[in-house]
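Shown next, in structure tokens, is the structure this report addresses.
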Amino acid sequence: MKLTMRPLILLLCLLPLRWLGAQTTQTYPIHNLSLANPERGWFYSIGAWSNNELQPFPTAAELAALRTGDDKVTLIRRYYLLDDFMNGPIDQSVLDEFQANCDALRTAGFKLIPRFSYNWSYGLPQMDASVQRTHQHLAQLRPYFENNKDVIAHVEAGLIGHFGEWHSSSEGHVDNFTLAVKNGGHQILDSLLRVVPPDRMVATRYYYHNKMKYLENYHGIVAPVDQNTAYSGYLSARVGTHNDAILFDQNWMWHHDSIPEQQAYAAQDLNWVVSSGEPLPSNYALNHNPLPELSFLKFNNLAINANIEGGTDLYDYWKDQGYFDELTLKLGYRFALREATIDDAVALGDTLHLQTVFENTGFGSPYNPRTSEVILRAVNGLEEHVIDITPQLDLRYLGHGLHPIDLLLPLPADVAVGDYQLFLNFPDAEASLASDARYSIELANIGTRESTTGYHTLLHQVAVTTTPLPLSLLSFLAEDRGDRGIQLHWVTEWEENSQGFEIQKLGDHNTWERLAFLPGKGLSTGPTSYTYFDPTPHAATVYYRLKLVDQDQSFRYSPVIAIDGDTAPKLAVYPTLVDDQFTLSGAPVHSLVEVYDAEGVRRASLRPSDSPTIIDLSQFESGWYYLGIVSEGGQVVETQRVFKK
């Protein structure tokens, strides 16, 4: 299993940083317009008439109007009815229709949210297919999912009960009174997760029953997804949620038991999985601001035309109150680049340094793989070089808020001496869509985007030179001394004409403040060590950087380093490459430590002791294992991993 780690701001910067001199800080104005960005926002839902006949798929002109209209719709949710195939395979005409829909959406710049259901209307028999028949149908769908995953945003679970909503099951796949998942539902959801491509999520109807209890009861998984298990192929990281009765009442998202525990689970889990659904008109909905709840639940997308058979009163109410426009802007992600500090020059074979500050004002973040790139385009137009920065800047990890991100970019070997314009690009990770600007994320910045490429100019030109490199910063680190403060330490490899180092700290208003200035050596041919102590205690995360000043007053900035203000228990394991046993320390005595394998199956539970605890894996097979501290309240507060040889 591939584990994707969050791209954190550097706590330790150990990459050699060659100092050529000047940098430029550029700020970027931000607009408040709606954007037709992929895999977020409103989706247009296509269901069926009361006689189980599907509503028509939009024409090319209708799709274009949805995409370019005020609401900037880029998602289609479509139901596919399988009621005619209870006793045999899905007819090829249905599979052909699914393929034609995917082709039409690819042409129009949309993505699909498919749901398959065996029934629709309350006036018709509410029949489910058997587990065996459903397995057969999913096997037929598998190659269509695989061949079209580029335009599949996620898949709704469907397949069971009325509307595919996992209630009213004629086959007993769920308990029709409690809605608990029965063995048949477990087998069907397992099968669906196997046939949907592993980097696409499945959204389930009832968060408590179809995610939390399904994972616990049938797979032994009780921990919500966190930044270490997100986007990893880990089973729980592939199960999201859709709710078809949003704002029906005050507890529309929660099962009546243990609501605080469910909310604590969701507060962590929904940062990393898709959250979607459709509103249901009710007295509560028509007298309630939806923004706080949908923000808490990190909603990525929402139906724009659901449950309107009796009128559009709810959408009208939202529009009158200004909620609709807010949702248009904030569903899913909304990124802007606030500022960037960029080298003015870089030597051949060296590293280009960009210090960026991104802001996400959306509820959530992207939930499918996406590439991040810096493009160097020669001013003479003769060459263009693409640097993949995804390992340093994965937008899926940038939730709501400000994100200072340092980018250290080794120049490609084939870059020639000359002047280059710089651009950012966030294309789709699928090769079939990577060059289609409609599928690149558009930043909410004024006047920076090229419509033909999807690139965003950084409004900066960098010179690639053969200039000697007069300063090398070998390392820059911070050590938390608790209530006493924070110790900073950095080492230069050599110096030439250096005046000194201004130590800066990010202040309360997101501006850099000067703490002190330390003189440099001026000239040194070997490593030189510097330290500075900041005596200010901290409760939140704090950020530091160095302003490196030359004797001619030119300057540049070091990478940013951070000290995390999180005071949750810290779990330490050693060694992390295990023959038979490893040592665990740092877990509170009253907590529970659980061990999971790479498939998310709980393999062991134990209570830690006051002293370091020895954990024996000698009977376990080779592979990755995950450890989590479970607090007394039942919340996973930290995870670590080890590899059993």
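Scanning the range 425-445 for residues that are among the hydrophobic types (A, V, I, L, M, F, W, C), more than 14 Å from Thr74 (Cα to Cα) and touching a strand residue (DSSP E or B) at 6+ places or on another chain (Cβ under 7 Å) returns Phe426, Ala429, Ala434, Leu443, Ala444. There is no residue in the range 62-84 that is of a type in the set (Gly, Ala, Ser) and either more than 33 Å from the chain's Cα centre (by Cα) or closer than 12 Å to Ser117 by Cβ (or both). Could you please find all residues in the range 225-242 being in contact with a strand residue (DSSP E or B) (Cβ under 8 Å, 6 or more places away or on another chain) and modelled with pLDDT of 95 or more? Matches in the range 225-242: Arg238, Val239, Gly240, Thr241, His242.
Of all strands (runs of 3 or more DSSP E) completely enclosed by the range 378-443, which ones contain at least 1 residues that are open to solvent by 30 Å² or more (accessible area, probe 1.4 Å) and of a type in the set (A, V, I, L, M)?
It comes to 384-388, 401-410.
Would a scan of the range 204-217 turn up a residue that is in contact (Cβ under 8 Å) with a residue 40 or more places away in the chain, among the hydrophobic types (A, V, I, L, M, F, W, C) and either closer than 27 Å to Asp428 by Cα or open to solvent by less than 10 Å² (accessible area, probe 1.4 Å) (or both)? So far as the range 204-217 goes, yes, one or more of its residues are in contact (Cβ under 8 Å) with a residue 40 or more places away in the chain, among the hydrophobic types (A, V, I, L, M, F, W, C) and either closer than 27 Å to Asp428 by Cα or open to solvent by less than 10 Å² (accessible area, probe 1.4 Å) (or both).
Would you confirm whether or not the range 632-642 contains a residue that is out of contact with any Pro (no Cβ under 9 Å at 6 or more places or on another chain), open to solvent by 40 Å² or more (accessible area, probe 1.4 Å) and either modelled with pLDDT of 70 or more or not in a loop (DSSP other than H, G, I, E, B) (or both)? Taking every residue of the range 632-642 in turn, at least one turns out to be out of contact with any Pro (no Cβ under 9 Å at 6 or more places or on another chain), open to solvent by 40 Å² or more (accessible area, probe 1.4 Å) and either modelled with pLDDT of 70 or more or not in a loop (DSSP other than H, G, I, E, B) (or both). If you go through the range 546-559 and keep only what is part of a loop (DSSP other than H, G, I, E, B) and either free of Cβ contacts under 8 Å to residues at least 12 places away in the same chain or more than 35 Å from the chain's Cα centre (by Cα) (or both), you end up with Gln551, Asp552, Gln553, Ser554. For Arg603, the criteria (1) exposed (fewer than 14 other Cβ atoms within 10 Å of the Cβ); (2) modelled with pLDDT of 75 or more; (3) closer than 27 Å to Glu216 by Cα hold in every case but one, which is (1).
Filtering the range 506-527 to residues that are part of a strand (DSSP E or B), in contact (Cβ under 8 Å) with a residue 12 or more places away in the chain and either in contact with a helix residue (DSSP H, G or I) (Cβ under 9 Å, 6 or more places away or on another chain) or open to solvent by 30 Å² or more (accessible area, probe 1.4 Å) (or both) leaves Leu506, Trp512, Arg514, Leu515, Phe517, Leu518, Pro519, Leu523. Scanning the range 444-488 for residues that are at pLDDT 90 or above, open to solvent by 50 Å² or more (accessible area, probe 1.4 Å) and in contact with an Asp or Glu (Cβ under 7 Å, 6 or more places away or on another chain) returns Arg449, Gln461. Only one of the numbered conditions (1) of a type outside the set (A, V, I, L, M); (2) in a strand (DSSP E or B); (3) crowded, with 19+ Cβ neighbours inside 10 Å is violated by Arg338, and that is (3). Determine, yes or no, whether Leu331 is of a type in the set (A, V, I, L, M, F, W, C), surrounded by 17 or more Cβ atoms within 10 Å (Cβ to Cβ), under 18 Å from the mean Cα position of the chain (by Cα) and within 30 Å of Gln55 (Cβ to Cβ). Here the answer is yes, as Leu331 does meet what is asked.
Can you name the residue in the range 528-545 that is aromatic (Phe, Trp, Tyr) and over 33 Å from the mean Cα position of the chain (by Cα) and, of all such residues, is least open to solvent (accessible area, probe 1.4 Å)?
Tyr530
From the list Tyr543, Tyr530, the one residue that fits, being part of a strand (DSSP E or B), at pLDDT 80 or above and under 30 Å from Arg641 (Cα atoms), is Tyr543.
Scanning the range 421-443 for residues that are farther than 22 Å from Val151 by Cβ and out of contact with any Lys or Arg (no Cβ under 6 Å at 6 or more places or on another chain) turns up Leu422, Phe423, Leu424, Leu443.
Please go through the range 427-436 and pick out each residue that is in contact with a Pro (Cβ under 9 Å, 6 or more places away or on another chain) and either among the polar types (S, T, N, Q) or farther than 22 Å from Thr361 by Cα (or both). Within the range 427-436, Ala429, Glu430, Leu433, Ala434, Ser435, Asp436 qualify. Scanning the range 570-591 for residues that are surrounded by 14 or more Cβ atoms within 10 Å (Cβ to Cβ) and either at pLDDT below 75 or not in a strand (DSSP E or B) (or both) returns Lys570, Leu571, Val573, Ser585, Gly586, Ala587, Pro588, Ser591.
Across the range 282-328, which residue is least open to solvent (accessible area, probe 1.4 Å) among those that are touching a residue at least 12 places away in the same chain (Cβ under 8 Å) and β-branched (Val, Ile, Thr)? Among those that are touching a residue at least 12 places away in the same chain (Cβ under 8 Å) and β-branched (Val, Ile, Thr), it is Thr328. Do we find a residue being at pLDDT 95 or above, closer than 22 Å to Glu442 by Cα and assigned to a loop (DSSP other than H, G, I, E, B) anywhere in the range 346-360? No, the range 346-360 contains no residue that is at pLDDT 95 or above, closer than 22 Å to Glu442 by Cα and assigned to a loop (DSSP other than H, G, I, E, B).
The values are calculated or read from the model by the stated rules, or taken from the named source; none is laboratory data. Keep in mind the model is a prediction, meaning the values are calculated, not measured. Cβ sites come from the backbone with ideal geometry, for glycine too, and all protein chains shown count toward neighbours. Heavy atoms of the whole protein, side chains included, go into the accessibility calculation; ligands, DNA and RNA do not. Shrake-Rupley method; radii C 1.70, N 1.55, O 1.52, S 1.80 Å.
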